[in-house]
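Worksheet: one structure, shown below.
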Amino acid sequence: MPTKKKPQVTPTPERRRELLATAAEVFAAQGYNATTVRRIADEAGMLAGSLYYHFDSKESMVDEILSAFLDELWRGYDAVLAAGLGPRETIEALVTESFREIDRHRPAVAIYQKESRHLATQPRFAYLADSQVKFEKAWLSTLERGVAEGTFRDDLDIRLTYRFVRDTVWVAASWYRPGGYHSPEEIARQYLSMVLDGIALSTQPPS
């Protein structure tokens, strides 16, 4: 008698998300090149061959992790940039949105920081370089508008200021842990109180 074929079970979206979350933690901790499919499978409590049932390669996994993070980041950023806010308010909103993304996607942020330059050389990951150009343009144009409108000091080196703000925000992914004492909004508020007091024109008359 012919043997019956086992019915194929389609992986659930929840299971894929669980596996991607596990892979993101491993990539962030071990580095992309040092991470093997077997290591991810071990952390997920499954055989390496079973992981290939869900993803065809570790490239596919890191691609999904990074693209999901950037898609969500840009939904937030685009909403801020389209809101018609003043320069200071735009910076405040971008910083707050950035800390929210670190809260939601801390491993993905760490992967992006460590691996994007290398991955962007591959055609599959060309969107990483495109996103970086768009990111830089959004921040630089906001800072330039703030200087032109008299919101920020006119002696600022705009590009240096951008790099300082960018790096000091996103480095938080190295120490931030979701569920900690401070919410991402509170961290953003504290951060902004330190940064903006250094670049905003004083409204107090000289003594």
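Quick notes on this structure:
- For the residues ASP63, ASP103, the requirement of being surrounded by 15 or more Cβ atoms within 10 Å (Cβ to Cβ), charged (D, E, K, R), part of a helix (DSSP H, G or I) and modelled with pLDDT under 95 singles out ASP103.
- Residues of the range 12-51 classified as open to solvent by 50 Å² or more (accessible area, probe 1.4 Å), not in a helix (DSSP H, G or I) and not aliphatic (A, V, I, L, M), total: 4
- Of all the listed residues (LEU70, LEU85), the sole one being assigned to a helix (DSSP H, G or I) and either of a type in the set (Val, Ile, Thr) or at pLDDT 95 or above (or both) is LEU70.
Conditions tested, residue by residue: (1) closer than 24 Å to PRO107 by Cβ; (2) of a type in the set (Val, Ile, Thr); (3) surrounded by fewer than 12 Cβ atoms within 10 Å (Cβ to Cβ).
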{"residue": "VAL147", "(1), (2), (3)": "no, yes, no"}
{"residue": "THR161", "(1), (2), (3)": "no, yes, no"}
{"residue": "THR168", "(1), (2), (3)": "yes, yes, no"}
{"residue": "SER174", "(1), (2), (3)": "yes, no, no"}
{"residue": "PRO184", "(1), (2), (3)": "yes, no, no"}
{"residue": "ILE187", "(1), (2), (3)": "yes, yes, no"}
{"residue": "MET194", "(1), (2), (3)": "no, no, yes"}
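- Selected residue (only one of ALA110, ALA68 is within 19 Å of the chain's Cα centre (by Cα), open to solvent by 30 Å² or more (accessible area, probe 1.4 Å) and closer than 30 Å to VAL195 by Cβ): ALA68
- Of residues in the range 120-145 being more than 18 Å from TRP74 (Cβ to Cβ) and assigned to a helix (DSSP H, G or I), the one least open to solvent (accessible area, probe 1.4 Å): LEU143
- Of all residue pairs spaced 6 or more apart or on separate chains, those with beta-carbon atoms under 7 Å, a first member in the range 30-53 that is in contact (Cβ under 8 Å) with a residue 40 or more places away in the chain and a second member that is open to solvent by 60 Å² or more (accessible area, probe 1.4 Å) and part of a helix (DSSP H, G or I) are GLY31/LYS114.
- Scope the range 94-108; condition of a type in the set (A, V, I, L, M, F, W, C) and without any contact (Cβ under 8 Å) to a residue 60 or more places away in the chain; matching residues: LEU94
The values are calculated or read from the model by the stated rules, or taken from the named source; none is laboratory data. Computed from a predicted structure; not experimentally measured. In this analysis, Cβ positions are derived from the backbone assuming ideal geometry, glycine residues included, and neighbour counts consider all displayed protein chains. These area figures cover heavy atoms from the full protein model, side chains too; ligands, DNA and RNA do not enter into them. Shrake-Rupley method; radii C 1.70, N 1.55, O 1.52, S 1.80 Å.
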